[in-house]
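The values are calculated or read from the model by the stated rules, or taken from the named source; none is laboratory data. A quick note: this is a predicted structure, and the numbers were derived from the prediction, not measured. Note: ideal-geometry Cβ built from the backbone for every residue, glycine included; neighbour counts use all protein chains shown. These area figures cover heavy atoms from the full protein model, side chains too; ligands, DNA and RNA do not enter into them. Shrake-Rupley method; radii C 1.70, N 1.55, O 1.52, S 1.80 Å.
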Amino acid sequence: MHSRLRAALLAPLLLAWAVSADLDVYVDGALASGWENWSWSTTFNFAATDLYEGTSSISATSDAWAAASFKLEGLFNTYAGFRFDIACDPSTLQLYFQGTTDNSQSANIPLSAIPGITSTKFTTVTIDFNAVPPSGAPLGSGAWDRINFQALANGATYHIDNIEFLTSITVAPLFLSAEPIGNDLIAVTTQGKVDLSTVKVKLNNATVAISNTTTYSPIDTPSKTITYFTLAKSLTAGSLVVTAGTNTTFNYTLPAVRYGTINLPNIKPISPYIYGVNFPTSASYIQHLGVTISRWGGNAVTAYNPFGDFTNAGNDWYFENRGSDSGDDWVGWVSAAGSKTILTVPALDWVSKDTTSYSFPKSIYPDQAKFDPYNADAGNGLLANGSWISPAPNPTSVYTPWNTTLAKKWLRGLVNKPDIVNIDNEIEIASSTHYDMHPTPLDYDEELSRIVAFATAAKEALPNVKVAAPSTCSWWFYWTSVVGWSDNTAHGNQDFLPWFLSQMKAKETAIGKRLLDYLDIHYYFQPDTSANDDAAKALRLRMTRSLWDPGYVDESWIANSTQNHQPNNRAVWLIPRMQQLIAQNYPGTKLSISEWDSSNDGDITGGLVTADCLGIFGRYGVDSATYWATPDEKGPAGLAYWLYRGYGTYFGSNSVQVNMADNIDNIFGLYAGVDSGKVSLVFVNKNTSPMAFYISNVPTGKYFVRHFGGASGNAKWQTTTVLKANTYTVIPAYTALFMKQV
């Protein structure tokens, strides 16, 4: 019998349940009655004895993004929570719940957010449906009937045992954290009914009086509570001890102050359109997070047929046609919610003809490497050796022709007009993503020709629309094509993006009309942070320097991939580099980054990266940016949007110059803004310990404050405070803090 580690989920829980009323999913050898195995791309042993409780466990190995998935013949809505034993590398697996009849789906629960899980022994995890981690939000309404343990990008091997739903969960009263924050606050998070009068504070061995308390529970995570204790004196360097309850103590060594300044006369406008996402989920999502621009994009839009609302995800999902929401309707409701819109226009020769066809039937191509677990006849078009089936199938079996005439017909007929159109999505790699409709690699000339043709069509159909292109997928293809470096040679040894910009400028000169308004690129950080251990988290947090720092040598393959003809090409130096290319080759073009992400939405460091990036976009003058795809509103990446824009309180519309005395970009970011004379600040502490700052020229007085991260976790914490002095402001470890004058 292997030992069991009892791990509380973010905080200890007292569990009470009647065994006869609990709902078993798996106990020793098989799924319980009423449960079906709906897993995909996963191999199982339901009677594993290498690691187990009782007599056996489930041993599973899932491919990338595959899952152990179990479906109930009924609903588990009435249960209070979910419990299971797990042994795995927590960085490789996430959990979520679904409702198969109403298409409801919970937020993802990254197992890396749950303390104590290892691959060598079982950890017992309890999910309270009133406080689902990591956000602490309720599970919410839905016809819940399915559990999914899903592998992440590298696949996963794991053991699960003693899976059950619980009839009741009683939350123990506990002090969870007490952190110094700001100039004179102690932020205390609690669960259950605690005695706040027991909280005492000592600073450098002297008792500090508490002058005021304010308690706050976020509206969408009501299970979490924070109380701000205002001290009678300001924090300072040295020893801080907070005691609470009968035996809870929190100890800190407050650090020496670091120095910086904001230069209020030195300002420049921040584009309001850097706070964007792809595919927002609802009008309330847009309004809660202050989303300013939304994009309808991704691989599936390449095959979108607006005259039937059909699409095909290409090699993202077995080249299968499927239904799609209406692009016209999407623009309508997103615009009504207050967001600008980007609509993608297909620019290849084919779009989906129906919702049922697929390109690589097993009945015709039996030797494919993989088949859809939900449609055993639909293959992925690849042979076991990784090569494509050749020749490619006749596109007419799945697609119908598409051209600029049809594009104009669609765009002219739109009831709801987009603000910007993308000319397709990453078509430079269409010979892979959409091999079935375009197996021939695109070269420079074909990509340019298609963009010019469909940009012309878009501007004829919608005279006021702006065009963003080429929506290039990655660093490699900024500089060359799928054809390879011979394509550069054939075009005077020019790298692709500068060549593209110069050609679009030449086209404007020839026709007297600008066809390209935004140089649009996609940018995904390339360093490998998949391990999500301490080293990977530190790397994730410092790699944001690739957006702006010419001295930051990229910690990825990019540093050794110097075939392109760009200066300083071991550094990405993304934003200034692209702005320089625009200035040299097509002045007046704006810069758009229509896909980017944090590299780990579910980890607090992903939220800090997102907050850092939003600040960088504003400081360095990005014109438009949309996150890929849709950050969970209550997850770390979503909280970064809330920090800057949530619920109608916005970071300043003008960026203020910030100067720091020390070079601490790896562990800290500070962003300052101003509008209507009111200063706003965002501090991003990427360090694993508290940091303290004296930022000169920050006005004293009353501030609205909100923050996420640190020991207080993922939630929308906020209060109002009076900044009595700016000489010592504390930012807790792994915390993003927003302050705005009121």
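In loop segments of region 305-344 as defined by DSSP, the chymotrypsin sites (Phe, Trp or Tyr not before Pro) with at most 15 further C-beta atoms inside 10 Å of their C-beta are Phe307. Placing +1 on the Cβ of every Lys and Arg and -1 on the Cβ of every Asp and Glu, with no other charges, gives region 61-129 a dipole of roughly 120 debye about its Cα centre.
For region 72-77, 3J(HN,Hα) computed residue by residue from phi via the Karplus equation (6.51, -1.76, 1.60; θ = phi - 60°) reads 8, 7, x, 10, 10, 4 Hz, glycine and proline entered as x. Size descriptor for region 66-186, Kirkwood hydrodynamic radius: 15.7 Å (Cα pairs only, one decimal). Estimated from helices alone, the mean residue ellipticity of the chain at 222 nm is -5000 deg cm²/dmol (sum of -39500 (n - 2.57) over DSSP H runs with n ≥ 4, per residue). Computing Rg and the Kirkwood Rh from the Cα coordinates of region 616-667 gives a ratio, Rg/Rh, of 1.01.
Our compactness index for region 423-532, the C-alpha radius of gyration over the empirical 2.2 N^0.38 Å, is 1.14.
Roughly speaking, to the nearest percent, how much of the chain's 1.4 Å accessible area is carbon and sulfur? Accessible surface attributable to carbon and sulfur in the chain totals 51 percent.
Ordering 93-105, 413-425, 386-398 by mean Cβ neighbour count within 10 Å, with the highest value first, yields 413-425, 93-105, 386-398. Based on C-alpha pairs under 8 angstrom that are at least 6 apart in sequence, region 274-372 has a relative contact order of 30 percent. If the cut-off is 18 Å between C-alpha atoms, which aspartates and glutamates fall inside it for Lys466, apart from same-chain ones fewer than 8 positions away? The reachable aspartates and glutamates, counting only those whose Cα sits under 18 Å from Lys466, are Asp328, Asp419, Asp424, Glu508, Asp517, Asp520, Glu595, Asp623.
In the distance distribution for region 680-742, Cα-Cα pairs more than 14 Å apart total 56 percent.
The alpha carbon radius of gyration of region 341-454, expressed as a multiple of 2.2 N^0.38 Å, is 1.21. By definition, a body whose alpha carbon gyration tensor gives a ≥ b ≥ c is rounded when a/c is under 1.5, and region 558-694 falls into this rounded group.
Across region 57-77, the residues whose backbone nitrogen lies under 12 Å from the label position 7 Å along the beta-carbon direction of Thr100 are 69-75.
Residues whose amide H falls under 5 Å from that of Phe319, counting only those 5 or more places apart or on a different chain, are Gly314, with hydrogens built in the peptide plane. With 26 Å as the limit, the listed pairs Lys193/Lys702; Lys537/Lys634; Lys340/Lys702; Lys408/Lys590; Lys268/Lys590; Lys417/Lys678 have Lys193/Lys702; Lys340/Lys702; Lys417/Lys678 beyond it between alpha carbons. List every DSSP H helix in the chain whose Cα atoms extend 20 Å or more along the helix's own long axis and whose mean Kyte-Doolittle hydropathy is at least -0.5. Length and hydropathy pass: 444-461, 496-511, 604-620. Each of Ala535, Tyr518, Trp548 was placed along the dipole of region 507-557 (beta-carbon charges, centred on the mean Cα), and the one lying farthest toward the positive end is Tyr518. The three principal axes of the Cα atoms in region 101-142 give end-to-end lengths of 38, 20, 14 Å, sorted in falling order.
Put simply, the amide H of Val572, placed in the peptide plane, has neighbours under 5 Å in Asp554, leaving out anything fewer than 5 places away on its chain. For the chain, the Cα gyration tensor yields ellipsoid semi-axes of 43, 36, 22 Å (square root of five times each eigenvalue, largest first, whole Å).
Across region 597-642, the volume of the C-alpha convex hull divided among the residues equals 63 Å³ per residue. Counting only Cβ charges, +1 for Lys and Arg and -1 for Asp and Glu, the dipole size of region 658-742 around its Cα centre is about 340 debye.
Reported value for region 133-256: 197 Å³ per residue, from the convex hull of its C-alpha atoms. Rounded, prolate or oblate for region 25-67? Axes are the square roots of the Cα gyration tensor eigenvalues, ordered a ≥ b ≥ c, and the cut-off for rounded is a/c under 1.5. Since a/c reaches 1.5 but b/c is at least a/b, the shape of region 25-67 is classed as oblate. In a reduced charge model with +1 at each Lys and Arg Cβ and -1 at each Asp and Glu Cβ, the chain shows a dipole moment near 2940 debye about its Cα centre. Evaluating 6.51 cos²θ - 1.76 cosθ + 1.60 at θ = phi - 60° for every residue in region 355-364, the Karplus couplings come out as 9, 10, 6, 8, 8, 10, x, 4, 5, 9 Hz, glycine and proline recorded as x.
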